[in-house]
Structures are given as C-alpha cells and as structure tokens.
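Q: First the structure, then my questions, so here it is.
The values are calculated or read from the model by the stated rules, or taken from the named source; none is laboratory data. The structure displayed is predicted, hence computed values, not measured ones. Glycine gets a Cβ as well: all are built from the backbone with ideal geometry, and neighbour counts include every protein chain shown. Heads up: the accessible areas ignore ligands, DNA and RNA and are worked out on the full protein's heavy atoms, side chains in. Shrake-Rupley method; radii C 1.70, N 1.55, O 1.52, S 1.80 Å.
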Amino acid sequence: EAGVTQFPSHSVIEKGQTVTLRCDPISGHDNLYWYRRVMGKEIKFLLHFVKESKQDESGMPNNRFLAERTGGTYSTLKVQPAELEDSGVYFCASSQENRDEQYFGPGTRLTVT
Amino acid sequence: GQNIDQPTEMTATEGAIVQINCTYQTSGFNGLFWYQQHAGEAPTFLSYNVLDGLEEKGRFSSFLSRSKGYSYLLLKELQMKDSASYLCAVRGWGNTGFQKLVFGTGTRLLVSP
C-alpha cells in the first residue's frame, strides 16, 4: 500500500512568487491534515479536511495560504505571494478516521529567498 | 494555552537503554503519540497512549500519567539506526470538535558505537 506522497520534495522561490504544494493521501483516507515546521520550532497544525470539506483551518497563518481538496482525494496548498517567513517544511498527513493515527508524508521543504 | 516540553538532544551508546521524557499542558486530552523522524523523512508512528500505564512494543515502550501530564518513551537495546528525532504529540480537541495533534519540538537522539 502506497504511503502519503508529497510533491515537490523541495522548492526554492523568490519572495512575492507563488508556490503550490501537493499531497496525495493514502487511498481511502477521508481525513487529510496539513502541518508546517519552521526551522527550530515544532510541527504546527495548519488545517484539516474531511473528504473535500475543511473542518478546521484555525492554524492557517493568513489569507496568503489557500488549501483545496477538490473531489476529496489529493490536496493542494498554495502560498501567494510567498514571504520569507513562509520558509519551512510542509507536511501532509492522512487518517481513515479522525480518531486514528495519522500517517505522514515526507514533507516539502520550501525556501523563500 | 498548549505547551509540550521534551529535551532538545540526548546521547546514548549502542546496546544501552534511553528514556525520553515529555511533559504537556493542553486544553483537552485524547491521547499521546510518539513519532520517530529520521532527517529528511516522514515522521513515523511509534506508539499511542490514552490510558495511564505502560505500552510495550518490542524494543520500544511508552508510559503515560494523565494526572501528571507526563509521558516517556523508553528505547532498549539501542541500535545505530535509532539515531533520529523523537516527537511527542498530544491529541486534543480543535475549535470545530475534531481532534488535532499538538507537537513538541522533538528530541534528537544520537546513538554512538
């Protein structure tokens, strides 16, 4: 069974540009989560989808971040325009039920210069 | 507020036993997870405690005391491949009634020969 996959693994962009990160959860997992780890800090929750619906987006930093999960399968996280403080590793995780353990992807390392 | 504390770094020798502590103060508690993360890879699930006591899984054990807000991860017969970061995460209730994970900053464990 394939795990959670994320694309790209690395992205280097300039301040002001746009970047879109993609996450493919484990097949059949309705719950999809986005997290971010800024260097030296802990992994922080961004938002949670159940199928295509956003259930909790309380962790989204600001309106430059837009997450979608059209069709309830893969999800995208777009940052527009990117700022220097957006640099970090963005993790995606999925679970079958909200109460189950979450399986994490390898992350996308975003560097904004 | 929510606060999870764990040591930043620990060192141990191959074959030894090491205990990684985690203390937490969170709004709501519905389980504590330990994840292992090798550099550049996805966090992988190690253990889950929701009731007080010890859960044993091969060389790894995890303990929880809810009244003290305390957990530890015990690694026995250390191997070089156990060198990694160990993340303590508490599952609590988000704003919308769904559960989400709150992470500590992780403990980097270095196993030497």
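Q: Take the residue pairs A:15/A:78; A:51/A:78; A:44/A:78; A:44/B:76 and return only those whose Cα atoms are more than 22 Å apart.
A: A:44/B:76
Q: Just flag the GluC sites (Glu not before Pro) in segment A:6-59 sitting in loop per DSSP whose Cβ has no more than 12 other Cβ atoms within 10 Å. Walk me through the intermediate numbers first.
A: On the way: sites: A:14, A:42, A:52, A:57; in loops: A:14, A:42, A:52, A:57.
Passing both the DSSP loop test and the Cβ count: A:14.
Q: Right, next: For chain B, which longest stretch is free of loop sites, where a loop site is one of the GluC sites (Glu not before Pro) that DSSP puts outside H, G, I, E and B and that has at most 14 other Cβ atoms within 10 Å?
A: B:78-113
Q: Rolling a 1.4 Å sphere over the protein heavy atoms, what is the accessible area per residue of the protein assembly as shown, to the nearest Å²?
A: Per-residue accessible area for the protein assembly as shown comes out at 49 Å².
Q: Rounded to a whole number, what % of the accessible area of chain A do carbon and sulfur atoms account for, probe 1.4 Å?
A: Carbon and sulfur atoms account for 46 percent of the accessible area of chain A.
Q: What FRET efficiency, computed as 1/(1 + (r/R0)^6) with R0 = 41 Å and r the Cβ-Cβ distance, is obtained for residue B:14 and residue A:111, rounded to the nearest 0.05?
A: The pair residue B:14/residue A:111 has a calculated efficiency of 0.70.
Q: Further, regarding this structure: Probe 1.4 Å, all protein chains in place: accessible area of residue B:80 in Å², nearest 10?
A: 80
Q: Something else now. With contacts defined as alpha carbon pairs under 8 Å and 6 or more residues apart, what's the relative contact order of segment A:29-113 in percent?
A: 30
Q: Taking the full set of protein chains and a 1.4 angstrom probe, give the accessible area of residue A:26 in square angstrom, rounded to the nearest 10.
A: About 10 Å², rounded to the nearest 10.
Q: Now, a different point. If the viscosity is 1.306 mPa s and the temperature 10 °C, what translational diffusion coefficient in µm²/s does Stokes-Einstein give for the protein assembly as shown when Rh comes from Kirkwood over Cα pairs? Kindly include the intermediate steps, with their values, before the conclusion.
A: Details: Rh = 18.1 Å.
Rounded, D is 88 µm²/s.
Q: While we're looking at this one, here's another question. Give or take rounding to whole Å, what are the principal axis extents of the alpha carbon atoms in chain A, in descending order?
A: The principal-axis extents, from largest down, are 37, 25, 24 Å.
Q: Could you tell me how far the Cα centroid of segment B:45-113 sits from the Cα centroid of segment A:1-39, in Å?
A: Cα centroid to Cα centroid, the span is 24 Å.
Q: Can you figure out the FRET efficiency of residue A:78 with residue B:29, using R₀ = 22 Å and their beta-carbon distance, to the nearest 0.05?
A: Values: r = 34 Å, r/R0 = 1.53.
So the FRET efficiency works out to roughly 0.05.
Q: Taking all protein chains as present, what is the carbon and sulfur share of the accessible area of chain B, in % to the nearest whole number, probe 1.4 Å? Before the final figure, lay out the partial values.
A: On the way: 2750 of 5460 Å².
Summing carbon and sulfur atoms, their accessible area is 50 percent of the total for chain B.
Q: Net charge within 9 Å of residue A:52 by Cβ-Cβ distance, Lys/Arg positive one each and Asp/Glu negative one each, not counting residue A:52 itself?
A: It works out to a net charge of +2.
Q: If you project the alpha carbons of segment B:54-113 onto the principal axes, what extent comes out on each, in Å, largest first?
A: Principal extents (Cα only, largest first): 48, 22, 19 Å.
Q: Oh, and also: In a solvent-free Debye calculation with one equal scatterer on each Cα, what is log10 I(q)/I(0) for chain B at q = 0.20 Å⁻¹, listed in the order of the q values?
A: -1.04
Q: Which ³J(HN,Hα) values, rounded to whole Hz and listed in residue order, are derived for segment B:55-70 from phi using the Karplus coefficients 6.51, -1.76 and 1.60 in 6.51 cos²θ - 1.76 cosθ + 1.60 with θ = phi - 60°, glycine and proline given as x?
A: 10, 10, 9, x, 7, 10, 9, 9, 10, 9, 10, 5, 5, 9, x, 9
Q: Further question on the same structure: As a test of reading the structure, rank A:37, A:109, A:22 by solvent-accessible area (1.4 Å probe, protein chains only), most first.
A: On the way: A:37 55, A:109 110, A:22 85 Å².
Sorted by accessible area, descending: A:109, A:22, A:37.
Q: How many square angstrom of accessible surface are buried between A and B, both sides summed, with a 1.4 Å probe and rounding to 100?
A: Values: alone 6440 and 6340 Å², together 11030 Å².
In total, chains A and B hide about 1800 Å² from solvent.
Q: Obtain the nm distance between the two label points defined at residue B:5 and residue B:45 by a simple spin-label model: each point lies 7 Å from its Cα along the Cα-to-C-beta direction.
A: Computed distance between label sites residue B:5 and residue B:45 equals 3.0 nm.
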